[in-house]
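Right, I'll just put the structure down here and ask away after.
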Amino acid sequence: MDPLVIFLLSVIVLLVATLAFLAWLSASRRKEILRLRLALEASHAPADTGKETEPLSISEIRLTQREQEIARLCCEGLLNKEIADRLDISQRTVETHKNNIFHKLGINTTAELKKHYLCNLENKI
């Protein structure tokens, strides 16, 4: 076999091994970050009094004006791209605002956001 071919195959094997290691390292870091985040959230969780607590409503949470606007548009059924186009911002900015909203409200999905939003409207009526 030609030495150049052997060299190129060696380089490819080395690159594949490096990529596999980086993927493993990334997964390990994500697990560690998740573990630390859960530990931090647990340390800030309210003491268990045996009573079930009501989720906070949007009006009890301090959302910025932009977060309120994005929450409203999400609840109207607009997709991130549509919200970004309407507000003349990037999709990534919309995602960041939505993540901040989810974090502040203690929720994980747009469906939960809609539920909070509707409950908040019912309480105002």
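Restricting to segment 25-82, what's the tally of residues that are modelled with pLDDT of 55 or more, among the basic types (Lys, Arg) and farther than 20 Å from residue 116 by Cα?
Counting residues in segment 25-82 that are modelled with pLDDT of 55 or more, among the basic types (Lys, Arg) and farther than 20 Å from residue 116 by Cα gives 6.
Among (1) of a type outside the set (Lys, Arg); (2) assigned to a helix (DSSP H, G or I); (3) surrounded by fewer than 17 Cβ atoms within 10 Å (Cβ to Cβ), where does residue 77 come up short?
(2)
The values are calculated or read from the model by the stated rules, or taken from the named source; none is laboratory data. Computed from a predicted model, the values in this text were never measured in an experiment. Because the Cβ atoms are built from the backbone with ideal geometry, glycine has one as well, and the counts that use them run over all protein chains shown.
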